[in-house]
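Structure, as structure tokens:
Every number here is computed from the coordinates shown, using simple stated rules; none is lab data. All of these numbers come straight from a predicted model, not from anything done at the bench. All Cβ positions, glycine included, derive from the backbone under ideal geometry; neighbour counts span all protein chains shown.
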Amino acid sequence: MSGILIIAEHTRGTLSELSSELVGAALEVKESLGGPLRVLIVGDQPDQFIAQLNMPGVDEIFTAQIDSPHFDAAAYEEALYLAALQSEPALILVGHSANGISYASALAVRLGSGFAADVFKIEMAETGLRATRSGYGNKVNVEIDFPGKSSVVLTVRGATFKPPIGAGVAKTVPLTVDLTLITGRYDHQGFIEAPSSGVDIGKAEFIMSIGRGIQDEKNVPRFVALAEKIGATLGCSRPIADSGWLHKAHQVGLTGKVAGNCKLYIALGISGAVQHLHGMKHIETIIAINTDPNAPIYNVATYGCVMDVFEFADALERAI
């Protein structure tokens with residue numbers, strides 16, 4: 001087996017950014033792994049996404065037409081299974097999303113493949129393919145090898161790999177999928193729109209996050225204004241979101257969003273629990289402000305200052 005197979009993800013006519021990020025992940029190991037890079041599009045009108053996925057490094061695009069425009073885990077699993085039987089890839093990449101995790105492990109079982117979830121690093125080691133993911137509540141990074149496995153299925157964390165830029169020269173290959181004998185298909189009832197928050201932590205390059213150190217909900221507007229003045233996206237730790245002081249979309253961490261594109265992160269009054277570190281400890285420059293000199297946030301901070309967050313805010317406001 002050789003090559004890489006990716007499955008695209010889309011909702012209501014919009015291609016997920018995770019789809020192109022998977023191409024970026026595949027290119028990390030394409031040359032060393034060998035073989036072609038193929039992308040599979042499943043849907044009632046799969047051709048509408050061909051141009052967007054015809055990216056540098058993509059050799060072929062499989063299109064599998066099904067009878068529903070909505071996501072169906074059973075249909076996606078079957079289409080990807082048939083595509084894998086036809087192309088015999090050494091690596092299959094699925095987005096680590098609500099959709100992807102609903103069928104990726106089942107696919108690995110059917111193929112007898114190795115499997116790892118929520119992967120943020122893929123590389124070739126002396127022993128073969130190696131994937132890295134977090135473990136024990138993000139306290140350690142776990143490197144996973146797959147001895148004796150000719151193929152591996154991975155779900156890949158979003159906002160982690162950069163998609164290639166430009167157009168490719170991939171050829172399109174239609175794939176016939178028979179869904180008549182599949183059981184357990186989804187019955188789509190409708191969509192419920194999530195309230196818009198106007199913030200995208202995953203894309204932000206500069207984030208200022210607030211935690212319990214701001215003490216009271218009445219202090220939130222001050223930091224909202226401060227973030228706006230310095231050009232930062234306002235983030236927060238879990239207690240702030242759980243208390244309803246800020247929308248859940250602002251939360252950085254394991255149960256929030258990973259700050260995947262962030263270059264500068266300012267943590268105000270955040271102790272640095274492992275759940276929060278999950279979303280930001282990879283950032284190149286981290287500035288931490290906390291009154292506790294032993295706060296775990298200082299273990300990952302580039303710069304730190306033991307002081308009251310309000311005093312820091314006063315100084316910053318004076319400076320600008």
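Entry note, the chain: the mean residue ellipticity at 222 nm calculated from DSSP H runs of n ≥ 4, each adding -39500 (n - 2.57), is -6000 deg cm²/dmol after division by the residues and rounding to the nearest 500. 3J(HN,Hα) along the range 231-236, derived from phi through the Karplus expression 6.51 cos²θ - 1.76 cosθ + 1.60 where θ = phi - 60°, amounts to x, 9, 7, 7, x, 7 Hz, with x in place of Gly and Pro.
Placing a pseudo-label 7 Å from each Cα along the Cα-to-Cβ vector at ALA98 and TYR136 gives an inter-label distance of 3.2 nm. Fully extending the segment from GLU88 to GLN215 would add 40.1 nm, taking 0.36 nm per residue of separation and subtracting the current Cα-Cα distance.
Report the Cα centroid-to-centroid distance between the range 105-123 and the range 7-46 in angstrom, as an integer. For the range 105-123 versus the range 7-46, the Cα centre distance is 16 Å. Computed extension gain for ASP47 through THR172, at 0.36 nm per residue and net of the alpha carbon distance, reaches 44.1 nm. Looking at the range 4-175, the DSSP beta bridges with both ends there are about 30 percent antiparallel.
So for the range 4-175, if I pair up every lysine 8 or more residues apart or on another chain, how many of those pairs have alpha-carbons under 27 Å apart? Counting lysine pairs in the range 4-175 gives 9.
Remark on the range 4-175: Rg and Dmax equal 14.9, 44 Å (Cα only).
In terms of other Cβ atoms within 10 Å, VAL140, VAL224, VAL177 run from fewest to most in the order VAL140, VAL224, VAL177.
Projected label points at ALA225 and GLN65, each 7 Å from Cα along the beta carbon direction, are separated by 5.9 nanometres. Computed from label points 7 Å out along Cα-Cβ, the spacing between ILE320 and ASP308 is 2.1 nm. When both bridge partners sit in the chain, DSSP labels roughly 20% of those beta bridges antiparallel. Taking 0.36 nm per residue of separation and subtracting the current Cα-Cα distance, fully stretching the chain between THR291 and GLU126 would add 54.8 nm. Across the chain, the relative contact order, built from alpha-carbon pairs under 8 Å that are at least six residues apart, equals 15 percent.
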